[in-house]
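Scroll down for the structure; my scribbles are underneath it.
We did not get these values from a lab; they are worked out from the coordinates using the rules stated. Owing to the predicted nature of the structure, the values given are computational and were not obtained by experimental measurement. Note that each Cβ is placed from the backbone with ideal geometry, even for glycine, and that neighbours are counted across all protein chains shown.
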Amino acid sequence: MIKIFTVCPQGLGSSLIAKINVQKALEKLGVEGEVETAGVTSITGQTFDLIVTVPDMRDSLDRVDPAKLVFVTNFFKRDDIADTLETKFREMGLIE
């Protein structure tokens, strides 16, 4: 099972929308996972496989392994999130 955090500056509204869309993408792709929301400051010390966030958060997450970062252009675009995660999951060998 993969553990994913959706991260926005505060960890509230937009990361919650992202969480819902990431969960739907996991279902669509047949990948078992747990999705949680977090603000950029609360991600420190957490264990995770991936962080889904927007490019504006790149500098704030500079201590995170870049291989664990997935950038999406918009938390509200479900299909774009699914396509981006599909590519990442293929790279990770989670799907063929």
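Would you mind checking the tilt of helix 78-92 against the longest principal axis of the Cα atoms of the chain, expressed as 0 to 90 degrees and rounded to 10?
80
Which aspartates and glutamates have a Cα lying under 15 Å from the Cα of K28, excluding residues fewer than 8 positions away in the same chain?
Filter leaves D79, D80, D83, E86, E96.
Per residue of the chain, what 222 nm ellipticity follows from adding -39500 (n - 2.57) for every DSSP H run with n ≥ 4, rounded to the nearest 500? Let's see the in-between values first.
Numbers: 2 runs with 32 residues, N = 96.
Value at 222 nm, helices only, nearest 500: -11000 deg cm²/dmol.
Once you wrap a convex hull around the alpha carbon atoms of the chain, what is its projected area averaged over all directions, in nm²?
It is 5.3 nm².
If I fit a long axis through the Cα atoms of helix 13-29 and take the longest principal axis of the Cα atoms of the chain, what angle between them do I get, 0 to 90°, rounded to 10?
That works out to roughly 20 degrees.
Under a point spin-label approximation (7 Å from Cα along Cα-to-Cβ), what is the E36-T87 distance to one decimal in nm?
Between E36 and T87, the simple spin-label model gives 2.8 nm.
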